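*Asks:* So that we are looking at the same thing, I have put the structure below in structure tokens.
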Amino acid sequence: MAYVYDPANIFARILRGEIPNDTVLETAHTLAFRDIRPQAPLHVLVIPKGPYVTFDHFAAEASEAEIMDFMRTSARVCEMVGAAPGQGGGGYRAISNAGEAGVQEVQHYHLHILGGRMLGRMIPREQA
């Protein structure tokens, strides 16, 4: 599948320094920052600096260095914000929306790390 990346999306603009952000952690290939419309007491977005649209696009086309950096940065963010259960935190949810059916709002791959309260079920069970 061919992915079309829009360099005018808000995350691309944040990466270029055109829009400010509340940075949690920045590395060579990754930026993590607090969401401006948090859906939980803890809501951090982790984005690769490369032009990837969705998780599958990133997983298929990013370099090993980009993937490793993104994953390790995500783990460090969970620890830094006190969410990682193995580090004494209460837990978190990691979500990545993709495409229209996944309700992706920004066409730049991003991982939501949410926590700070009981989040409930991710998707309500449908009744048959």
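The values are calculated or read from the model by the stated rules, or taken from the named source; none is laboratory data. Please read these numbers as outputs of a predicted model, since none were measured by experiment. Glycine gets a Cβ as well: all are built from the backbone with ideal geometry, and neighbour counts include every protein chain shown.
*Asks:* Is it the case, given these coordinates, that VAL46 is of a type outside the set (S, T, N, Q), assigned to a strand (DSSP E or B) and either farther than 19 Å from GLN104 by Cβ or at pLDDT below 95 (or both)?
*Replies:* On the way: of a type outside the set (S, T, N, Q): yes; assigned to a strand (DSSP E or B): yes; either farther than 19 Å from GLN104 by Cβ or at pLDDT below 95 (or both): no.
Against the criterion (of a type outside the set (S, T, N, Q), assigned to a strand (DSSP E or B) and either farther than 19 Å from GLN104 by Cβ or at pLDDT below 95 (or both)), VAL46 does not qualify.
Table: residues versus (1) more than 19 Å from LEU25 (Cα to Cα); (2) of a type in the set (A, V, I, L, M, F, W, C).
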{"site": "ALA62", "(1), (2)": "yes, yes"}
{"site": "PHE70", "(1), (2)": "no, yes"}
{"site": "ARG76", "(1), (2)": "no, no"}
{"site": "MET80", "(1), (2)": "no, yes"}
{"site": "ALA83", "(1), (2)": "no, yes"}
{"site": "GLY86", "(1), (2)": "yes, no"}
{"site": "ASN97", "(1), (2)": "yes, no"}
{"site": "HIS112", "(1), (2)": "no, no"}
{"site": "GLY116", "(1), (2)": "no, no"}
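*Asks:* Within the stretch 49-62, work out how many residues are in contact with a helix residue (DSSP H, G or I) (Cβ under 9 Å, 6 or more places away or on another chain) and not in a helix (DSSP H, G or I). Break it down stepwise before answering.
*Replies:* Of all residues in the stretch 49-62, those in contact with a helix residue (DSSP H, G or I) (Cβ under 9 Å, 6 or more places away or on another chain) come to 49-52, 58-59, 62.
Filter once more, so that each one left must be not in a helix (DSSP H, G or I): 49-52, 62.
Adding up the residues that qualify gives 5.
*Asks:* All but one of (1) out of contact with any strand residue (DSSP E or B) (no Cβ under 6 Å at 6 or more places or on another chain); (2) loosely packed, with under 15 Cβ neighbours inside 10 Å; (3) of a type outside the set (D, E, K, R) hold for LEU119, so report the exception by its number.
*Replies:* The one condition LEU119 does not meet is (1).
*Asks:* Which one is nearest to the chain's Cα centre (by Cα), of the residues in the stretch 83-95 that are without any contact (Cβ under 8 Å) to a residue 24 or more places away in the chain and in a loop (DSSP other than H, G, I, E, B)?
*Replies:* Out of the qualifying residues, it is ALA84.
*Asks:* Here is a list: ALA40, ALA65, ALA8. Which entry is farther than 18 Å from ALA94 by Cα, hydrophobic (A, V, I, L, M, F, W, C) and assigned to a loop (DSSP other than H, G, I, E, B)? Break it down stepwise before answering.
*Replies:* Working: ALA40 fails: farther than 18 Å from ALA94 by Cα; ALA65 fails: assigned to a loop (DSSP other than H, G, I, E, B).
Criteria check complete, one pass: ALA8.
*Asks:* Just to be sure I understand the filter: pairs with C-beta atoms under 6 Å, separated by 6 or more residues or on different chains, first member in the stretch 43-55 and of a type in the set (Ser, Thr, Tyr), second member part of a loop (DSSP other than H, G, I, E, B) and buried (at least 20 other Cβ atoms within 10 Å of the Cβ). Which pairs pass?
*Replies:* Taking only residues 6 or more apart or on different chains, the pairs are TYR52/TYR109; THR54/TYR109.
Matching residues to (1) loosely packed, with under 12 Cβ neighbours inside 10 Å; (2) hydrophobic (A, V, I, L, M, F, W, C); (3) within 16 Å of the chain's Cα centre (by Cα); (4) within 19 Å of MET122 (Cα to Cα):
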residue	(1), (2), (3), (4)
PRO7	yes, no, no, no
PHE11	no, yes, yes, no
ILE14	no, yes, yes, no
HIS57	no, no, yes, no
ALA62	no, yes, yes, no
VAL77	no, yes, yes, no
VAL81	no, yes, yes, no
ASN97	no, no, yes, yes
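*Asks:* Across the stretch 24-55, what is the total count of residues that are surrounded by fewer than 13 Cβ atoms within 10 Å (Cβ to Cβ) and more than 17 Å from ALA75 (Cβ to Cβ)? Steps first, answer last, please.
*Replies:* Taking the stretch 24-55 as the starting set, the residues that turn out to be surrounded by fewer than 13 Cβ atoms within 10 Å (Cβ to Cβ) are 28, 36-37, 39, 41.
Next, only the ones that are more than 17 Å from ALA75 (Cβ to Cβ) stay: 36-37, 39, 41.
Summing the residues that are surrounded by fewer than 13 Cβ atoms within 10 Å (Cβ to Cβ) and more than 17 Å from ALA75 (Cβ to Cβ) in the stretch 24-55 gives 4.
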